[in-house]
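Visitor: What follows is a single structure, and I will ask about it in a moment.
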């Protein structure tokens, strides 16, 4: 499989995960969102569709890169999760500090 296609699929899967988190964040603007395990209070059903698409795209990228990287290509999935983890940590920090402390910095 072409490495360019694998790279595009990885980038699209990474963005798809980040966009799915943004929807969860919008549904829970004033509540902490669990980082890895658990479920937020408001969880839109379409998130499952978006995350499934992201996982399929990431699997395509792993298959494309596996010829060059071997089993190390699986790490691409972990790398794809980093932007979403950063967004989640930022959201939870904002909730923890409260709106009055956001401006001080």
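Visitor: Between helix 3-27 and the chain, what is the angle of the helix's C-alpha long axis to the longest principal axis, kept within 0 to 90° and rounded to the nearest 10?
Guide: 20 degrees
Visitor: To continue, here is another question. For Cα extents along the principal axes in Å, pick the label among [x] 34, 31, 25; [y] 51, 33, 21; [z] 68, 25, 16 that corresponds to the value derived from the coordinates.
Guide: Here Cα extents along the principal axes in Å agrees with entry [y].
Visitor: Also, I was wondering about something else. Length gain on complete extension for the stretch residue 86 to residue 63, per 0.36 nm per residue less the alpha carbon to alpha carbon distance?
Guide: Taking 0.36 nm per residue and subtracting the Cα distance, the gain is 5.7 nm.
Visitor: What FRET efficiency comes out for the pair residue 11/residue 52, r = Cβ-Cβ distance, R0 = 22 Å, nearest 0.05?
Guide: 0.80
Visitor: If I stretch the segment between residue 19 and residue 39 completely, what's the gain in nm (0.36 nm per residue apart, minus their alpha carbon distance), one decimal?
Guide: That works out to 5.5 nm of additional length.
Visitor: Further, regarding this structure: As I understand it, the value is the acute angle between the Cα axis of helix 46-69 and the longest principal axis of the Cα atoms of the chain; what does it come to in degrees, rounded to 10?
Guide: Value to nearest ten degrees: 40.
Visitor: For the pair residue 71 and residue 95, what calculated FRET efficiency results from E = 1/(1 + (r/R0)^6), where r is the Cβ-Cβ distance and R0 = 30 Å, to the nearest 0.05?
Guide: The computed FRET efficiency comes out at 0.20.
Visitor: Considering only 57, 78, 11, give the residue with the highest GNM mean-square fluctuation for the chain, with springs between Cα atoms whenever their separation is below 10 Å.
Guide: Most flexible of the set in this elastic network: 78.
Read-outs: derived from the displayed coordinates by stated rules, not from any lab. Note that the structure is a prediction, hence the values are computed from the model and not measured. As a convention, Cβ positions derive from the backbone with ideal geometry for all residues, glycine included, and neighbour counts pool all protein chains shown.
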